[in-house]
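J.: Got a structure for you, written out below as structure tokens; questions coming shortly.
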Amino acid sequence: MIKSSSIEIGGQTLNVETGRIAKQTSGSVIVSMGETVVLVTAVSTDEVREGIDFLPLTVEYQEMSYAGGQIPGNFFRRDMGRPGEIETLTSRLIDRPLRPLFPEKYRYETQVIASVLSTDKENEADMLAMLGASMAFEISDIPFNGPIAGVRVGRVEGKLVTNPTISQQAESDINLIVAGGRSGIVMVEGGGLFVPESDMIEAIFYGYEAIQPMLHMQEEFKREVGKPKRVFQPDSADEELYKKIADTGTTLLKEVITIPDKLERQQKVKEAKHSILESLSESYEGRKSEIVEALDALEKKMVRQMILEEGKRIDGRSFEEVRPIECIVGVLPRVHGSALFTRGETQAMVLTTLGTERDEQRMESIYGNHFRSFIFHYNFPPYSVGEAKRLGGPGRREIGHGALARRALMPVMPDKEDFQYCIRVVSEILESNGSSSMASVCGGCLSLMDAGVPIKEPVAGVAMGLVSDESKVVVLTDIIGDEDHYGDMDFKVAGTRDGITALQMDIKVGGITSDIMQEALEQAKEGRLFILDQMIKAIAKPRSQISEYAPVITTIKIKPEKVRVLIGPGGKTIREISNGTGARIDVDDEGTVTISSPERESTDAAVKKIGEIIQEAEVDKLYMGKVVKIMDFGAFVEIFPGTDGLVHISQLDKERVNKVTDVLNEGDEVLVKVLEVDERGKIRLSRKAALGESIDNVS
């Protein structure tokens with residue numbers, strides 16, 4: 001059955017259709033807005049994936065190049081290569097609100113594929129893909145506790161806007177993605193330009209109101225065309241087994257779950273669980289996995305009770321307390337900027353490298369290509385958590401954390417006109433126990449200042465948590481890994497003293513009110529300001545000079561008509577200058593010339609040679625030139641590379657000259673004076689006027 005529907009979202013028409021294409025899937029929909037069209041499919045197999053204790057859900061978002069009228073630039077001219085950064089981040093964005101909505105212990109291989117088929121390059125496809133994923137599950141036979149939907153929220157000229165277009169986003173000081181369902185908000189992602197906490201709360205709940213029509217539309221589709229849900233009944237918990245584990249395990253676990261040191265705590269908890277498992281193995285033979293699950297559930301319950309009822313945290317801190325912080329800058333001798341940021345058992349070494357325009361990252365997408373001059377990469381080696389695993393390329397988590405840190409720092413980066421360098425920051429996580437992404441923000445800020453990058457203000461970030469029950473809500477500052485794992489909300493907030501620059505929330509429970517969120521953000525602000533105070537003790541402002549090992553960059557402006565002269569035929573002139581001085585030279589059509597080199601001497605030499613080539617003749621100035629062409633009426637003399645003028649036969653000598661070659665021949669060097677430069681740039685020279693002049697006066 002084909003069904004379609006349209007609703008108004010943010011002043012634009014959102015269209016959804018199902019039942020026409022991709023009918024062999026569990027569920028499929030076409031979602032469009034303007035001329036942006038996304039196909040989203042969902043499939044779940046009917047065979048359980050054995051040997052795992054997680055939901056085997058994969059979400060793939062792909063931007064097809066034909067959607068933007070492009071042919072892929074790779075060798076194979078195919079779209080199916082490694083996903084780009086935008087595709088990876090959008091896949092994560094869709095996955096995060098969907099994953100908690102499947103039944104517990106659902107172990108059937110499940111896949112979402114969202115394909116952008118057309119784009120008008122104004123309406124972005126990511127929120128359409130998120131809606132389509134939820135709707136595909138809603139109308140399918142797959143068990144799913146939805147629906148959810150998401151919108152982008154911007155603020156243009158002080159007014160909040162739903163799903164701002166790409167051009168509107170350029171004028172917006174808020175860029176948030178808010179996702180939620182009937183139970184409340186489930187995810188927030190985005191940032192802003194030093195936005196106050198109260199304004200951010202307003203934008204979040206504005207976005208939640210905007211998704212309500214999309215939830216209603218999905219419920220209508222489910223009623224009319226939805227398939228009956230497949231029967232899924234997970235094995236019920238054995239209450240007798242759980243009680244026995246609680247009776248024997250509570251005392252053992254209580255002694256070890258409050259050990260402050262992460263590795264020692266993990267080892268002692270492991271030993272306690274193993275002891276309980278051994279004591280029950282005879283009575284419950286063959287049920288090891290059930291016992292392990294029950295032990296994990298018991299540990300979670302005990303940690304949460306300790307926080308809510310006893311007012312204690314795992315490591316003994318108060319709810320608002322930030323772990324001890326150490327900030328060191330200049331930790332490596334040859335890199336351009338470096339910092340070591342340690343907060344408790346989380347440690348990031350962050351390095352800054354300065355490059356030239358040629359080092360900028362080319363970003364390709366269906367919306368158009370651009371170059372990125374500020375790059376942030378995040379690495380999470382296995383040794384940071386005491387593991388030994390294969391060291392591979394960055395996964396979705398690493399790419400996501402790097403993007404979050406970049407978003408946090410981007411508002412304070414200098415304008416390109418004021419700082420010509422391409423900047424790459426790399427965060428190497430050396431230890432991890434809670435929010436290495438926020439450690440990367442703090443370390444990245446310190447590293448940038450150590451490199452002499454003139455950032456506008458220091459930025460810090462802190463990870464917050466929330467634990468709640470029906471009667472009480474506790475907000476935790478600077479959460480460790482176990483508090484994140486057992487808590488109800490994980491949210492990261494980064495910013496300056498003036499406001500928020502980046503925000504990321506994942507909410508595991510419904511009913512989070514604006515008052516709770518306001519309390520959480522205010523507590524996060526206190527933590528952020530405390531961390532900023534610790535950071536400025538190490539370095540309060542950017543260094544006045546960049547590293548001696550960084551390239552020296554000089555920018556000069558020449559007239560656009562001189563660009564061809566500087567480049568020369570086939571690039572000969574600019575290549576000769578570069579080879580002769582060792583400097584790298586880039587020039588654009590508007591006449592901006594960028595000269596860079598590891599040594600100041602090379603840059604200065606290149607600037608001097610460029611100046612000689614693009615200089616302009618001045619009236620009454622003397623020049624030592626070279627005869628490049630003889631004519632009956634005079635000689636053309638090149639007074640500097642690419643520029644020549646005419647010495648008329650009457651200006652060759654004080655005496656009458658009958659034949660030009662009686663005085664000059666091609667290749668001769670001759671001292672001349674500029675008599676005139678007309679409005680067309682033609683230069684009139686005189687040898688006669690230069691006779692008797694000293695060569696010391698030559699320009």
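J.: Treat every Asp and Glu Cβ in the chain as -1 and every Lys and Arg Cβ as +1, leave all other atoms uncharged, and give the resulting dipole magnitude about the Cα centre to the nearest 20 debye.
T.: With only Lys, Arg, Asp and Glu charged at Cβ, the dipole is about 1220 debye.
J.: Distance in nm between label sites at residue 387 and residue 331, each 7 Å beyond Cα in the beta-carbon direction?
T.: 2.2
J.: Considering only DSSP states other than H, G, I, E and B, which chymotrypsin sites (Phe, Trp or Tyr not before Pro) in the range 1-92 qualify as loop sites with at most 11 other Cβ atoms within 10 Å?
T.: Hits after loop and neighbour filter: 54, 75, 76.
J.: With Cβ to Cβ distances under 12 Å as the rule, what net charge do the other residues near residue 166 carry (K, R +1; D, E -1)?
T.: Residues close to residue 166 contribute a combined charge of -3.
J.: Follow-up. Between residue 247 and residue 23, what length comes free when the chain is fully extended (0.36 nm per residue of separation minus the Cα-Cα distance, one decimal in nm)?
T.: 75.4 nm is the gain from fully extending residue 247 to residue 23.
J.: Pull up the DSSP beta bridges for the range 584-699 and report the antiparallel fraction as a percent, rounded to 5.
T.: DSSP beta bridges in the range 584-699 are roughly 90 percent antiparallel.
J.: Provide the FRET efficiency to the nearest 0.05 for the residue 589-residue 655 pair, computing r from the beta carbons and using R0 = 45 Å.
T.: The pair residue 589/residue 655 has a calculated efficiency of 0.40.
J.: Then there's this: For the range 476-570, which chymotrypsin sites (Phe, Trp or Tyr not before Pro) pass both filters: DSSP loop (anything but H, G, I, E, B) and at most 13 other C-beta atoms within 10 Å?
T.: Here the chymotrypsin sites (Phe, Trp or Tyr not before Pro) that fit, given the DSSP loop and packing criteria, are 549.
J.: First select every other residue whose beta carbon is under 11 angstrom from the beta carbon of residue 657; then total the charges, Lys and Arg +1, Asp and Glu -1.
T.: Its environment carries a net charge of +2.
J.: Of 74, 208, 523, whose Cα points farthest to the positive end of the dipole of the chain (charges on the beta-carbon: +1 Lys, Arg; -1 Asp, Glu; origin at the Cα centre)?
T.: Positive-end residue among those listed: 74.
J.: Shifting gears a bit: Would you mind giving the three semi-axes, in whole Å and largest first, of the ellipsoid equivalent to the range 239-310 according to its Cα gyration tensor?
T.: 21, 14, 9
J.: Hey, what did the range 239-310 get for relative contact order, percent, Cα under 8 Å, at least 6 apart?
T.: With pairs under 8 Å counted, the relative contact order is 39 percent.
J.: Right, here's the next one. Mind pulling up the Rg/Rh value for the range 504-599? Radius of gyration and Kirkwood radius, both on Cα.
T.: Computed over Cα atoms, the ratio is 1.37.
J.: Need one number: nm distance between label points at residue 271 and residue 579, each 7 Å from Cα along Cα→Cβ, rounded to one decimal.
T.: 7.1
J.: Enter the Cα centre distance for the pair the range 525-577 and the range 283-326, rounded to the nearest angstrom.
T.: 49
J.: Between the range 145-222 and the range 57-118, what is the separation of their alpha carbon centroids in Å?
T.: Using only Cα atoms to place each centre, the spacing works out to 21 Å.
J.: Taking the alpha-carbon centroid of each part, what is the distance from the range 411-458 to the range 10-49 in angstrom?
T.: Rounded to whole Å, the Cα centres lie 40 Å apart.
J.: Also: Evaluate E = 1/(1 + (r/R0)^6) for residue 223 and residue 13, where r is the Cβ-Cβ distance and R0 equals 25 Å; express this FRET efficiency to the nearest 0.05.
T.: 0.65
J.: Summarise the long-distance tail of P(r) for the range 68-211 by giving the % of C-alpha pairs beyond 18 Å.
T.: So the pairs more than 18 Å apart make up 62 percent of the total in the range 68-211.
J.: OK, next. In the range 94-108, which residues have a backbone nitrogen under 14 Å from the label point lying 7 Å from residue 47's Cα in the Cα-to-Cβ direction?
T.: 108
J.: Please compute the length gained on full extension between residue 572 and residue 696, using 0.36 nm multiplied by the number of residues separating them and subtracting their Cα-Cα distance.
T.: Contour length minus the Cα-Cα distance gives 41.5 nm.
J.: Given a cut-off of 26 Å, name the pairs among 229/472; 244/270; 629/688 whose C-alpha atoms lie farther apart than that in the structure shown.
T.: 229/472
J.: Cα convex hull of the range 269-330: how many Å³ per residue?
T.: For the range 269-330, the hull spanned by Cα atoms encloses 135 Å³ per residue.
J.: Charges on Cβ only, +1 for Lys and Arg, -1 for Asp and Glu, centred on the Cα centroid of the chain; of 539, 16, 553, which one is farthest towards the dipole's positive end?
T.: Selected residue: 553.
J.: Then there's this: Could you tell me the calculated FRET efficiency between residue 498 and residue 677, based on Cβ-Cβ distance and R0 = 56 angstrom, to the nearest 0.05?
T.: The computed FRET efficiency comes out at 0.55.
J.: Using the C-alpha atoms of the chain, what convex hull volume per residue, in cubic angstrom, is computed?
T.: 201
J.: Now for a separate question. Return 165, 248, 661 ranked ascending by Cβ neighbour count within 10 Å, so the fewest neighbours appear first.
T.: By the 10 Å Cβ count, ascending, the order reads 661, 248, 165.
J.: Using a 7 Å offset from the Cα along the Cα-to-Cβ direction at both residue 456 and residue 216, what is the distance between the two label points in nm, to one decimal?
T.: Spacing of the two 7 Å Cα→Cβ label points: 4.0 nm.
J.: How high is the relative contact order of the chain, in percent, counting Cα pairs under 8 Å that sit 6 or more residues apart?
T.: Relative contact order here is 9 percent.
J.: Residues of the range 517-556 with the amide nitrogen closer than 20 Å to a label point 7 Å from the Cα of residue 320, along Cα-to-Cβ, please.
T.: Under cut-off, by backbone N: 517-535.
J.: Next up: Of the options 339, 218, 374, report the single residue whose Cα projects farthest towards the positive end of the charge dipole of the chain (beta-carbon charges: Lys, Arg +1; Asp, Glu -1).
T.: 374
J.: For Cα pairs less than 8 Å apart in space and 6+ apart in sequence, what is the mean separation divided by the residue count of the range 552-614, i.e. the relative contact order in percent?
T.: Relative contact order for the range 552-614 comes out at 42 percent.
J.: OK, next. Pairs 609/654; 288/492; 222/508; 416/608: which exceed 28 Å Cα-Cα?
T.: Over 28 Å Cα-Cα: 609/654; 288/492.
J.: Mind listing the long-range amide H neighbours of residue 582? Cut-off is under 5 Å, sequence gap 5 or more, other chains count too, H placed in the peptide plane at 1.01 Å from N.
T.: none
J.: Starting from the Cα-Cα distance between residue 279 and residue 529, subtract it from 0.36 nm times their residue separation and give me the gain in nm to one decimal.
T.: 85.1 nm
Every read-out reported here was derived from the displayed coordinates using simple, explicitly stated rules and does not represent laboratory data. If you're wondering where the values come from, they're calculated on a predicted model, not measured in any experiment. Note that each Cβ is placed from the backbone with ideal geometry, even for glycine, and that neighbours are counted across all protein chains shown.
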